[in-house]
Amino acid sequence: MIGVQATDQREGVDVVHYSKNSKRRISMSSSNSQLFEVYREDLRRYISKMLACPADVEDVLQETYCRVYARAAQSEKQAQNPRAYIFVTAANLIKDFLRNRLKSERREGPSVEDTSLLSTEPNPENEIISARLKRDMLVSLERLNPTCRQVFVMHRYQHLSHSDIAEQLGISVRTVERRMRIAIDHFRNQLREYL
Amino acid sequence: MSKCTEERSASQWYVGIHNACVDDITLKAFESWLEEDPQHRDDYEQCELMMALLDSLADDPAIEPFVEETLIKQTAEVSKLAGFFSIFAFPANKFALGLASLVLATMLLWFVGSWDQPVKSNLYQTGVGQQRSIQLQDGSGVALNTDSVVRVEYNNERRKVVLENGEATFSVVHQKARPFDVLAGGNIVRAIGTRFNVFVNGGEIHISVLEGEVVVVHLESGTKSEILVPGRSAQYKFGGPVRVVDDSSDIVRIEAWLEGKLIFNDWDLDRAITEHNRYADKKMVLDAKNLAEAEISGVFNIGDTQSFTSALQEILPVTVVEQNNIIAIRSRD
């Protein structure tokens, strides 16, 4: 929600500045682009459900457009169900985007713009994912069965391997994997509106 | 989404593939599973996206309490084990040793078993107009108001209650080692030995303390509110920041519903009607907007719509018309 509002406020003001991560900008005028236009607003809503920064939303949107356009001729899937194809492409890009952003933050620490603010307060401007998604994820983590939550947290947030977790908790690797699977099914169910 | 049980699900594959020592055979099998059905690929990609989203919380301060929780559990288990081994090391003669190892074996069995025990989760609910009181295993009590759902999950570390919907008053028996937490509207209400009421009213949540002390923990940031005492209540929107305000009027309303009564003390008519409707299948509609802010007072039994409507006709210039399962309150003139 917040992301969408911010987009509206900023649109047409200084989009280029906020799109610092974007590598390509392409303008299209063919009929392929019309296909994309049909879903553009839906797609923007979908992406802004997940990403906090309007610039990131625009970047993913643009990148999706590029991919869909580039593969227009060769993809059967796209012809059969263009909407599904476009949304799956966007989902993949969001996934890559999150992975890359996370990696680069680990390597370099927060970006220059972030540190120049000289503040340790959480700044909504620097958030990657939307506040609503974050809240929903925390609530579903809270709702997860505690034994599964323990395994999940150790694996994803303490970065322990299945066998390390098994050893630490004195349970079998199979049990660790079973609990991970239950956790994943739980999240898929709880967060289905985003997937 | 769920296929027949023979087949491995997307989540099973995800876990299998993300094992550090995954072998080629598994990878091959995974590839062919993906090719088998387009739905498989979609399901699997859903898992990937979801995990990427969840992983993005990794460096977030909001995740710290969860990590802390597992660390506490781990140390607790280690010290439990250390306790077992000291029993083992103590006895001098063989008989005692044998006995001790038997005890140890039994305890270990119990301990290993306890890991696989599903956490007991009990769901309690009430329909519109119903009320219910529940005694929990630790002696704490829950009074559930109309149209409410509460889920109770107790384990050795924590007494957790999720108020999914509606309103409940909790009477908590204090246990130092096991906090009593109510999850409501994306925040945690932690009792410090007390009686308090939580009301999930649409997206707006109200916490009032009747006795003792309560603190509200904001789930996202982990920040705690000031300590709430009777007369100081907390309000927040779903998952939003917590506001603490002076408010003792709500206590009258709460003590009233606990007694099965509605007490209106200079309430605006439309608020009184809204309150009445929470308990009634047959909803009342105010068809006289000019009277919305007319103040009324009175005491009624919950569910006694008849007394309420006749009182309204006595004290206000209105008529009551019943039609299509709706009770319309109309201006008389």
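The values are calculated or read from the model by the stated rules, or taken from the named source; none is laboratory data. Here the structure is a predicted model, which means the values were calculated and not measured. Heads up, the Cβs are rebuilt from the backbone with ideal geometry, glycines too, and the neighbour counts pull from every protein chain shown. These area figures cover heavy atoms from the full protein model, side chains too; ligands, DNA and RNA do not enter into them. Shrake-Rupley method; radii C 1.70, N 1.55, O 1.52, S 1.80 Å.
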If you count only protein heavy atoms and use a 1.4 Å probe, how large is the accessible surface of residue B:174, to the nearest 10 Å²?
120 Å²
Measure off, as a whole percent, the carbon and sulfur share of the 1.4 Å-probe accessible area of region B:120-248, all protein chains present.
48 percent
Can you give me the % of accessible surface on region B:260-331 that is carbon or sulfur? Probe 1.4 Å, all protein chains present, nothing else counted.
45 percent
Per-residue accessible area, 1.4 Å probe, largest first, puts B:304, B:333 in the order B:333, B:304
With every protein chain in place, region A:124-189: carbon and sulfur % of accessible area (1.4 Å)
44 percent
Taking only protein heavy atoms and a 1.4 Å probe, what accessible area per residue, in Å², does region B:120-248 have with all protein chains in place?
41 Å²
Where in region B:225-269 does the label zone of residue B:326 land, with the point 7 angstrom along Cα→C-beta and an amide N cut-off under 20 Å?
B:269
For region B:165-284, what is the charge dipole size about the Cα centre, in debye to the nearest 20, if Lys and Arg each add +1 at the Cβ and Asp and Glu each add -1 at the Cβ?
380 debye
Can you compute the modelled spin-label distance between residue B:211 and residue A:70, with each label point 7 Å from Cα toward Cβ, in nm?
6.9 nm
Provide the FRET efficiency to the nearest 0.05 for the residue B:271-residue B:135 pair, computing r from the beta carbons and using R0 = 35 Å.
0.60
Hz values of 3J(HN,Hα) by residue in region B:171-181 - Karplus curve (6.51, -1.76, 1.60), Gly and Pro given as x:
10, 9, 7, 5, 9, 4, 7, 10, x, 9, 10
What shape does region B:120-248 take by its C-alpha gyration tensor, where a ≥ b ≥ c are the square roots of the eigenvalues and a/c under 1.5 counts as rounded, a/b above b/c as prolate, and the rest as oblate?
rounded
Can you tell me how much longer the chain between residue B:58 and residue B:37 gets when fully stretched, taken as 0.36 nm per residue apart minus their C-alpha distance, in nm with one decimal?
4.3 nm
Report, in debye and to the nearest 20, how large the dipole of region A:124-189 comes out about its Cα centre when Lys and Arg carry +1 and Asp and Glu carry -1 on their Cβ.
280 debye
Among B:22-28, B:197-203, how do they line up by average Cβ neighbours within 10 Å per residue, starting with the highest?
B:197-203, B:22-28
Could you order B:268, B:247 by accessible surface area, starting with the largest, using a probe radius of 1.4 Å?
B:268, B:247
Using a 1.4 Å probe and counting only protein heavy atoms, how much accessible surface gets buried when B and A come together, both sides summed, in Å² to the nearest 100?
5100 Å²
